Every structure is written in C-alpha cells, then in structure tokens.
1. Rounded if a/c is under 1.5, else prolate if a/b beats b/c, else oblate: with a ≥ b ≥ c from the C-alpha gyration tensor eigenvalues square-rooted, which is region 66-152?
2. Name the GluC sites (Glu not before Pro) in region 89-189 that are in a loop by DSSP and that have at most 16 other C-beta atoms within 10 Å, would you?
3. Can you return the aspartates and glutamates within cross-link range of LYS179? Criterion is Cα-Cα under 14 Å, with same-chain partners fewer than 8 residues away left out.
4. Sorted by packing (mean other beta-carbon atoms within 10 Å per residue), highest first, where do 176-183, 88-95 land?
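Where a number appears in this text, it was derived from the coordinates with a stated rule and is not lab data. None of these values were measured; they are calculated from a predicted model. Using ideal geometry, Cβ is built from the backbone for each residue, glycine included, and neighbour counts are taken over all protein chains shown.
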Amino acid sequence: MRTLKNYLFRFNPRNVPSRNFSSSSSPFSRTDELSVEEDVERKIGWLLKSIFVGTAGFVGYQFFPYMGDNMLRQSVSLLHVKDPFFKRSGASRLARYAVDDGRRMKIVEIGGAKELLIMLEAAKDDRTRKAALKALAAVSQSDEAVGALHLAGAISVINSIPDSSEEAEIEKFKGSLLKRFQDLKYESSS
C-alpha cells in the first residue's frame, strides 16, 4: 500500500524549483529574454519581407500588362523594318508570346499575323522565312487565328514559298501549317 501511495503521489511541491519572473540576474532569465528578442526580431523581419513581396507583386501586376502590350506592338512594328535581322527578331518575339489562345488572338487583332504573312512573302533568305513560319505556326495553334490567317490569304502565301534544301525546318513548318489548314477544312485553293 505504501508503494502505491508513493507511486500515485510522487509529486512533491517542495521539490519543484521556483521560477523567478522578476528581473533578477539569474542566468536563465537573461537567456530567455535574448531568445524572446531574437524570436520577435525574426518574426518582424518576415513580416517586413512579406509586405515588400506583396507590394512588389501588386506593382508588377499593375505595370507588366502594359509592358506586355507595348512589347507586342513593338514586335509587330519590327516586322515593318527593312533589315531582315529586325524582322526575324520581331517574329521570334511574337512566336514566344503566342502561348495561349488569348495571346494568339491579340497578335491577330493587332495585325501581327497579317504582317507575318507580308514578311514571309517578301523574305529573301531562308532564315527570315523560317522565323516567319515559326511565328505563324505558333499563332496557328488557335482555331480562330487559323480562320483569320485563311482570310488574309495565308495558304497561297505559304504555297508560294520556294523549297529549301538547306533548311529542313522550313519544310516542317510549311507542312504543319498546311496540315493545320487542312484539318480545319480550309480550302488550299485560296
């Protein structure tokens, strides 16, 4: 019975060390204060970082759509320049921009698809043709954009491109564009 009593009532309040919460010079209170201060500084630091990231995200969200639209217009205007390098740069930028149907239709609305066809028709070297075909292939992933390309006379322009023995990608892009028109039941006699 005595062992049961000792087991159940082991807790002896006389053996519990007292905790002094005053500002005494005990070693425990000073380290506790330092750890609390460090914890508060760390939490405030994360709060400030979070505010900064949130503000930067908000500002970026407000300004980048305009930059995207301006970049798109600048890319289309590069297609008007006589230098083939700038034309290829504009076509490459349009190809990278055309990642979803909304952006593809934005290119069509601004007149980029028609300008790409003019660039393709006037191209004198294979590298420029390849850049124009690559951008047209990217834009043609949207059914609505294919319809706009068809109305602009894309099939006849693509068929009039001379075959290239040096650039196999030209034939690949040309074939994929014509197949895309055929899949959507557009006539090749346009």
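1. oblate
2. Within region 89-189, the qualifying GluC sites (Glu not before Pro) (loop, at most 16 other Cβ atoms within 10 Å) are GLU166, GLU167, GLU187.
3. Result set, ordered by chain and number: ASP143, GLU171, GLU187.
4. 88-95, 176-183
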